[in-house]
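Single-structure report; data block below.
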Amino acid sequence: MMYLQPDEPDVTCPPGKGYKAIRCNQKNVIASNEVKRHSLLRRKNPPKENCVKHLPRTYRRAVSALSLLQSPMLLSVRLYWGFQFAQTGWGKLHNLAKITAFFADLNIPLPAFNAPFVSTLEFVGGILLMLGVFSRPVAFLLAGNMVVAYWTAEREALKSIFSDPGKFYGADPYTFPFASLMVLIFGAGFFAADTYIAKRLKVAESE
């Protein structure tokens, strides 16, 4: 809705103090007050067109502000789940006999080889994930490892991804592959060794 500003008062009134001069001055005073009132009204209630015009700029500013949270978010994901991977791998390395027997019960091929391999992958991969070193390759290996864990140890939960979602995301491996995929897709973020190494390599190439 547009506010129409009233015409400016006609300041040319007949001289003297006659009836016409008094009426003319009164009209000028009323018109002047109307101008002031409409001016204040526009300041207090800006036209909707102006609000709509500023929406894209406001949206862009909000997106830019939220984009600043990407790297801190990825850092928190790497630190938390990297520590969980490292802790799980460390526990497996200290119980290789049980892990080997467990892999054999799940019919995983070459359990004597895969048990120490998976344990080392989770321990070392978790540390590298926290540091942000080779983040995407490590995340790829860890995501594949957890998909295998789902298929071998939680097959019923994996098959229930659509029929019984609660069973699927209630399984132990659920959060690990999603954390790995997040780093694999979005990268390690700014607060990572990979970012520093990439910058140093770029400087070296430009010299």
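List of remarks:
- Residue list for segment 160-207, filter: small (Gly, Ala, Ser), over 19 Å from the mean Cα position of the chain (by Cα) and under 19 Å from Leu141 (Cα atoms): Ala193
- Residues in segment 176-207 that are of a type in the set (S, T, N, Q) and either at pLDDT below 90 or touching an Asp or Glu at 6+ places or on another chain (Cβ under 9 Å) (or both): Ser206 only.
- Only one of the numbered conditions (1) of a type outside the set (Val, Ile, Thr); (2) crowded, with 16+ Cβ neighbours inside 10 Å; (3) within 28 Å of Gln70 (Cα to Cα) is not met by Phe190, and that is (2).
- Exactly one residue out of Leu55, Leu74 is at pLDDT 95 or above, among the hydrophobic types (A, V, I, L, M, F, W, C) and in a helix (DSSP H, G or I), and it is Leu74.
- Subset of segment 108-158 that is charged (D, E, K, R) and surrounded by fewer than 17 Cβ atoms within 10 Å (Cβ to Cβ) - its residue that is nearest to Gln84 (Cα to Cα): Arg136
- Qualifying residue in segment 151-168 (condition: aliphatic (A, V, I, L, M), without any contact (Cβ under 8 Å) to a residue 60 or more places away in the chain and closer than 30 Å to Ala193 by Cα): no
The values are calculated or read from the model by the stated rules, or taken from the named source; none is laboratory data. Not measured: the values here are computed from a predicted model. Quick reminder, even Gly has a Cβ in these numbers, built from the backbone with ideal geometry, and neighbours come from all protein chains shown.
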